[in-house]
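Input: a single structure, listed below in structure tokens.
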Amino acid sequence: GGPGPVLEPGGVRHALVCGVAIQILQQFSGISGVLLYTPQILEQAGVGVLLSRLGLRDDSASILISGVTTLLMLPSIGVAMRLMDVSGRRSLLLWTIPLLVASLAVLVAASVAPMAAAAHAAVCTGSVVVYLCCFVMGFGPIPNILCAEIFPTRVRGLCIAICSLAFWLADIAVTYTLPVMLASLGLAGLFAIYAAVCCVALVFVALRVPETKGLPLEVIIDFFNVGAKGTLPNLHDDDDHY
């Protein structure tokens, strides 16, 4: 066979920026904060109101709902596996990230707005469930899938390693700054920042991330080669040709 598709130096940089940025934005979208503080969020929300008739204390109720919330993530993973090959990676991000923003915004609003105890508990619990389920459907798995698909074989190993490094550095940054931000801003301020990052991620995906479902490597590489010159092609126009 031939040498395969060639990613020009400018295209390599463009693809690498895409891969690194999507990994960093994933970490700063708030998943660590929501996972680490789900029991605290639900305890502050007063989930004991929802389960008081079962004779559970507030702390027991929050742990129980936290476990149930985690279990609800499992079918979401199955749905994501199906939708990734039906609607596409980029499309899945474009409709799940707005739901992340909405769920975080509701958590912020519920933290500052006066609300009846039962309503407050139900709203916060629902928001946490929606956030976690939408994350595991979109922003959780797709960045790694995209990084495996946008680089040609010649530079794939090095570029994926750089993207992985960016992921872990961002994870360390989030882990160590989260307690400081929580102490200074509170849960409402922390989730407001995460919602803002998700908005940035949505814009970035809409403008800079190609749809890779069903497309040959040549077309994806052409996207980054042309994009590096200042004009991003619409890969969706080529879907019918492959």
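Once you have the Cα-Cα distance between Ala148 and Ser87, take 0.36 nm times their residue separation minus that, and quote the gain in nm to one decimal.
Between Ala148 and Ser87, full extension yields 20.1 nm more.
So how much slack lies between Gln40 and Val17, counting 0.36 nm per residue of separation and subtracting their Cα-Cα distance, in nm? If you can, show how the numbers build up before the last one.
On the way: separation 23, 0.36 × 23 = 8.28 nm, distance 3.57 nm.
Full extension from Gln40 to Val17 adds 4.7 nm.
When the accessible area of the stretch 103-158 is computed with all protein chains present and a 1.4 Å probe, what percentage of it is carbon and sulfur?
Numbers: 1560 of 2100 Å².
In the stretch 103-158, the share of accessible area belonging to carbon and sulfur is 74 percent.
Mind checking the full-extension length gain between Ile77 and Leu158? Use 0.36 nm per residue of separation minus the Cα-Cα distance, one decimal, nm.
So the chain would gain 26.3 nm between Ile77 and Leu158.
Tell me the volume per residue, in Å³, of the convex hull enclosing the alpha carbons of the stretch 57-169.
Working: hull volume 14.4 nm³, N = 113.
In the stretch 57-169, the Cα hull volume divided by residue count equals 128 Å³.
For the stretch 84-133, what is the accessible area per residue in Å², given a 1.4 Å probe and the full set of protein chains?
For the stretch 84-133, the per-residue accessible area is 38 Å².
In nm, to one decimal, how far is the Ala113 label point from the Val203 one, both placed 7 Å along Cα→Cβ?
2.5
The values are calculated or read from the model by the stated rules, or taken from the named source; none is laboratory data. This structure is a prediction, so every number in the text was calculated from the model and none was measured. Every residue, glycine as well, gets a Cβ built from its backbone with ideal geometry; the counts of neighbours run over all protein chains shown. These accessible areas exclude ligands, DNA and RNA; they are computed on the full protein's heavy atoms, side chains included. Shrake-Rupley method; radii C 1.70, N 1.55, O 1.52, S 1.80 Å.
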